[in-house]
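I have placed the structure first, in the form of structure tokens, so that the comments after it can refer back to it.
The values are calculated or read from the model by the stated rules, or taken from the named source; none is laboratory data. Keep in mind that what you see is a predicted model, and the values were worked out from it rather than measured. Counting neighbours? That spans all protein chains shown, and the Cβs are built from the backbone with ideal geometry, glycine included.
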Amino acid sequence: MVKRLYYLPILGLTLGVGIGLLIRYDVPPTYARYLSVAVLAALDSALGGVRALMERTFNDRLFISGFVTNTILAALITFLGDRLGVNLYLAAVVAFGVRLFQNLAVIRRLIVK
Amino acid sequence: MAALRSTRIGWGLFLTFAVLGFLLVLQFRTHQQVEADLASMSVDELSVLVATLSRESERLQAEVVDLRLELIGSQYARKTDAEMVDERRRSRDELELVTGAISAVGPGVRMVLTDTRGSLVGPYDMCEIINELRVAAARAIAVNGHRVDFNTGFSEGAAGILMSGRHISPPYDIVALGNPAELHSALLMPGGLAARLGSLPGVHVEVHRQEQLHVPSVDRTPLFQYATRVED
Amino acid sequence: MVVFSAVMCVLGLLLVTALRSGDTLLGSTMGGRQDELIRVVEDLERTKSELSADLAALRAQVMNHESGIAVRQGLVASYNAQLAQLAMNAGVVRVAGKGVRITLADNPHPPEGSVDPAGYVIHDYDLRVVVNALWVGGAEAVAINGQRLTLFSAIRCVGPMVLVNSVRLSSPFVIEAIGDPGSLSRALRENEDARLLVEDYARRFGLRVRIEERGELLLPAYEGRLSPGEMVERVQ
């Protein structure tokens, strides 16, 4: 069962990329920073999901909720930080970035084993 | 239940990764745009840009002012230049007219001198006629269709008068441009030229005033082989 | 729970204050300042491109003028060259060269009580005769007592005086002519009226006549009027 699930992420990713290329939507430059930190968070959640799949600890509800909230939260925190005059953008980058690397390390270990 | 759950998991995975894919593309495209956009630059970078652009604008402005001044100067020069060109051209046109380089038209008199005997009007008479016309301020004179130049001389020919070496024979058609009244009275002065010549047997003199007479240009332009110009 | 609520209250207060102060300082927050600078940069870039366009247009105009100058200078030069030649033809420039000098003077001691006292004096017609002979002999320039003869020049007498170019001249009359000296002398001999004056009348009336061939004569420029009056170019 789990093995069969592995091709779905790849399929989904491909579809998403396809739609992204087809839909010519441009994000206003002022919100570009929020998008980049949101994408970072999304990437981290996605990799967390992959790791959970490989460790057989995958929970779909947890995964989806985590993905959505982290993505939105990252953008929100950056926005708040801009309003307060504090560069909270950095905190989001550090937090999600560190988790990203940790997840990657675990995945690598699991693949090699 | 397990199958349902795996379907849900499948769909969940599929959708989230689809969203991720979409976001990645978006981010990539946005970033490319943003690279070239001012909104992505930091305040410091923008300040530097403002300073550079201000300096550059100042230099451009200074150069524009310089060129504008230069243009005004050369426009003035062009005006005076153009005037000078016009003045030179007018001088040239006038001298061409007066020296006989071009043919001319204007008011004046026409004198017709018939000499049925063919030998009574001589070179010196022609000389006198030309001189009298010049005294009366004739501007251009032609005899039998030949323009009289400053160096025109009359001499005795084998059969008739030679005008600068060219043969002319009666009737003599003399056209003089100038003030018709003045020229007319100069020629027909009592005891003057017309009277004296007219008294010769077989010689008849007619003088007509006209408003539109024309004289041709000189047959040949003077050649200066011995005389050289002396600069002031 | 109470402590927690109190802490949350304080947090809420802090947040609102920070947010509000952030709002009023929006001009100096990073985002606001950035917007301002972006506007300034966009203005400057617009000004710069306008100035560049102005500069390019002005440069083109200046180049036009410079090429115009060259053309006009060329025109002026060609007109000047033509004028120089025409001036030569008109006799308004000084000239030098070899030729002949003829001096005609009245009889200094005319006999008293003669039948024809006028015969002892040089007249305008005498001068005309000599000048005509010189033109026939190929003279390129002639002057009488410093008066250059051009196509506007006339020799006439008013009472005892002779007027050349409306200038009063009196005996002795020095006629200078530039040309081939041999040809000029020959013309004076061959022309009937000139010969009569020089050989016959001079002897008979005691008029002083001298003809010399000169190597270097300097003739002045004509200074009289040259206006065309009512005359205009005939356009064929």
Item to check | Residue under evaluation B:Leu187, criteria (1) buried (at least 19 other Cβ atoms within 10 Å of the Cβ); (2) at pLDDT 95 or above, criterion not met | outcome: (2)
Item to check | From the options B:Gln33, B:Gln61, B:Gln27, residue that is under 30 Å from A:Val68 (Cβ atoms), at pLDDT 85 or above, assigned to a helix (DSSP H, G or I) and not aliphatic (A, V, I, L, M) | outcome: B:Gln27
Next on the checklist: Being assigned to a loop (DSSP other than H, G, I, E, B), among the hydrophobic types (A, V, I, L, M, F, W, C) and on the phi < 0 side of the Ramachandran plot narrows it down to one residue among B:Ile102, B:Ile130, B:Ile161; which is it?
Outcome noted: B:Ile102
Checklist entry - Only one of (1) more than 10 Å from every other protein chain (Cβ to nearest Cβ); (2) buried (at least 20 other Cβ atoms within 10 Å of the Cβ); (3) not in a loop (DSSP other than H, G, I, E, B) fails for C:Val142. Which number is that? => result (1)
Checklist entry - Checking C:Val167 against (1) touching a Gly at 6+ places or on another chain (Cβ under 6 Å); (2) surrounded by fewer than 17 Cβ atoms within 10 Å (Cβ to Cβ), which test does it fail? => result (1)
Item to check | Only listed residue being over 30 Å from C:Leu14 (Cβ atoms) and either surrounded by 13 or more Cβ atoms within 10 Å (Cβ to Cβ) or more than 17 Å from the chain's Cα centre (by Cα) (or both), chosen from A:Leu84, A:Leu11 | outcome: A:Leu11
Checklist outcome for this item: For the range C:63-100, the count of residues that are among the β-branched types (Val, Ile, Thr) and surrounded by fewer than 16 Cβ atoms within 10 Å (Cβ to Cβ) equals 2
Checklist entry - Of all residues in the range C:199-236 being touching a residue at least 24 places away in the same chain (Cβ under 8 Å) and of a type in the set (A, V, I, L, M), which is surrounded by the fewest Cβ atoms within 10 Å (Cβ to Cβ)? => result C:Leu218
Checklist outcome for this item: Checking B:Arg196, B:Arg147 in turn, the sole residue that is touching a residue at least 12 places away in the same chain (Cβ under 8 Å) and surrounded by 13 or more Cβ atoms within 10 Å (Cβ to Cβ) turns out to be B:Arg147
Next on the checklist: Checking the condition of a type outside the set (S, T, N, Q), more than 30 Å from B:Ser42 (Cβ to Cβ) and in a helix (DSSP H, G or I), which residue from A:Val94, A:Val37, A:Val68 passes?
Outcome noted: A:Val68
Next on the checklist: Taking the conditions exactly as written (surrounded by 12 or more Cβ atoms within 10 Å (Cβ to Cβ), modelled with pLDDT of 85 or more and away from chain A (no Cβ under 14 Å)), does B:Arg78 satisfy them or not?
Outcome noted: no
Checklist entry - Mind checking which pairs have a first residue in the range C:156-183 that is within 14 Å of chain B (Cβ to nearest Cβ) and within 16 Å of C:Ile102 (Cβ to Cβ) and a second that is surrounded by 13 or more Cβ atoms within 10 Å (Cβ to Cβ) and among the aromatic types (Phe, Trp, Tyr), Cβ under 6 Å, 6 or more apart or different chains? => result C:Ile178/B:Tyr226; C:Gly179/B:Tyr226
Checklist entry - Within the range B:169-191, can you find the residues that are within 14 Å of chain C (Cβ to nearest Cβ), in contact (Cβ under 8 Å) with a residue 12 or more places away in the chain and not small (Gly, Ala, Ser)? => result B:Val175, B:Leu177, B:Asn179, B:Pro180, B:Glu182, B:Leu183, B:Leu187
Item to check | Boolean, B:Ala176 is at pLDDT 90 or above, crowded, with 23+ Cβ neighbours inside 10 Å, aliphatic (A, V, I, L, M) and part of a helix (DSSP H, G or I) | outcome: no
